[in-house]
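**Q** Attaching a single structure in structure tokens format; questions to follow.
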Amino acid sequence: MRRFFPFIAGLAILGILAVGAWWRLWPDAATAADSTAAAGATETSAGTTFSTEVAIPVEGAEVVQGPLILSVSAAAQSAAARETNILAQVNGRVMRLPVRENQTVRAGQILLQIDSTEYAMDFARAEALYAQAEASFRELTLFDDQITDSAVRAERSRVARARSGLDREAVNVRVARLQLERSTVRAPFAGRVASIQIVEGQNVRAGDELLTVVDLDPIRVETEVLESEIGWLAEGRGAAVTFAAFPGEVFRGTIETINPMVDRDTRTARVTVRLPNRDGRVLPGMYARVALEARRFEDRILVPRAAILERDRRTMLFVYEDGLAKWRYVTTGLQNDSLIEIVRHPDTEMVRAGETVLTNGHYTLIHDARVTVVAAVRGEAGGRPR
């Protein structure tokens, strides 16, 4: 045991010396660590600090005072104002087809020509027979102008017309002329050619479908409206129509007719909207959505629906004042697809016509936030102006 004592004592002395050295160096290490942490904190703070004076870009719209129009919306389909299927009225070979599909034609313009050779000969034959009958009639009544009794003269004329066949041949001339005229097919009204079913050289028979003529200006848009909403509509009121073929574009028309009959199965009635279509862009059969003017409420304070927000279960909006966003708690009334009415209430504030309310980029704003109104904002919560 005594032989290990000097060894243990030496280890203890070395331990005491090591602790003393660490104790002397520790303040410097702590100071260095604190300096490093402070430098890092300073660098991070410098990287994340931003000026609260930078104006946030937002979009705005003016508060208006005017009519609020409530609409009835429904799916619809376009149809031609006038459409007719042209049928062959005589037999024969198609000799000429001078039109093509989608071609504009005027009323009375030739659409196709059927071989008229036989019809022309029939007409000439009928005229010749009529002339022969007329000569026979004159021969039978050659001296009748000398008869003084008008009743006798009229009876002799009647008998002579029957014996000569003049009336019969006159009818035959009209029939032959009609057949000849029908060999030339003409447009019944101004419009466009559609759905041509025949080609030149083809033989057709009376009753065969040849082509279609459609009148596209104006165009009709037909929809079915629920019986519960029909009572709010009236002929002559406005209608807004959008087509799947023209996204984002709104066409304006008027309610032309309202069918007085309600379908027993669907409980709807057909409503037809008349729509100008001078350039012919809207074609029959296109899918559409219509908003029919139903009720009109005059002299209302209106803001865009996008201006309305909800904070703490209360309805509010932001008003732009001298570069700042001022929030106001408001009470809303009637609304349609784009506008909402602001009404007076003792517990909320009002907005005035002519003021600017924020409509985009305002979702995360606070009261008195500095903003700038721009034409368009990137992102939903503000961002760089376009």
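**Q** Given (1) farther than 30 Å from Val204 by Cβ; (2) exposed (fewer than 14 other Cβ atoms within 10 Å of the Cβ); (3) in contact (Cβ under 8 Å) with a residue 60 or more places away in the chain, identify the lone condition not met by Ala76.
**A** (2)
**Q** Residues that are closer than 30 Å to Arg100 by Cβ, at least 3 per element: which strands (runs of 3 or more DSSP E) completely within segment 167-260 meet that?
**A** Output list reads 184-186, 191-194, 209-226.
**Q** Counting just the residues of segment 246-294 that are in contact with a Leu (Cβ under 8 Å, 6 or more places away or on another chain) and of a type in the set (A, V, I, L, M), which one comes out nearest to Arg192 (Cα to Cα)?
**A** Only one residue fits best here, namely Leu283.
**Q** Could you tell me whether segment 141-157 includes any residue that is touching a residue at least 24 places away in the same chain (Cβ under 8 Å) and either acidic (Asp, Glu) or not assigned by TED's automatic domain parsing to the domain that holds Val282 (or both)?
**A** no
**Q** Which residues, counting only those in segment 294-336, are touching a helix residue (DSSP H, G or I) at 6+ places or on another chain (Cβ under 8 Å) and either in the same structural domain as Ala239 (by TED's automatic domain parsing) or closer than 19 Å to Leu70 by Cα (or both)?
**A** Hits for segment 294-336 are Ala294, Gln335.
Let's see how each residue does on (1) closer than 30 Å to Arg252 by Cβ; (2) exposed (fewer than 13 other Cβ atoms within 10 Å of the Cβ); (3) at pLDDT below 95; (4) of a type in the set (A, V, I, L, M):
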{"position": "Gly280", "(1), (2), (3), (4)": "yes, no, yes, no"}
{"position": "Leu283", "(1), (2), (3), (4)": "yes, no, yes, yes"}
{"position": "Arg296", "(1), (2), (3), (4)": "yes, yes, yes, no"}
{"position": "Arg305", "(1), (2), (3), (4)": "yes, no, yes, no"}
{"position": "Arg313", "(1), (2), (3), (4)": "no, yes, yes, no"}
{"position": "Gln335", "(1), (2), (3), (4)": "yes, no, yes, no"}
{"position": "Glu349", "(1), (2), (3), (4)": "no, no, yes, no"}
{"position": "Leu365", "(1), (2), (3), (4)": "no, no, yes, yes"}
{"position": "Val371", "(1), (2), (3), (4)": "no, no, yes, yes"}
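**Q** Being touching a Lys or Arg at 6+ places or on another chain (Cβ under 7 Å) and either without any contact (Cβ under 8 Å) to a residue 24 or more places away in the chain or surrounded by fewer than 14 Cβ atoms within 10 Å (Cβ to Cβ) (or both) is the filter here; which residues of segment 168-201 pass it?
**A** Glu200, Gly201
The values are calculated or read from the model by the stated rules, or taken from the named source; none is laboratory data. This one's a predicted model, so the numbers in the text were calculated from it and none came from an experiment. Note that each Cβ is placed from the backbone with ideal geometry, even for glycine, and that neighbours are counted across all protein chains shown.
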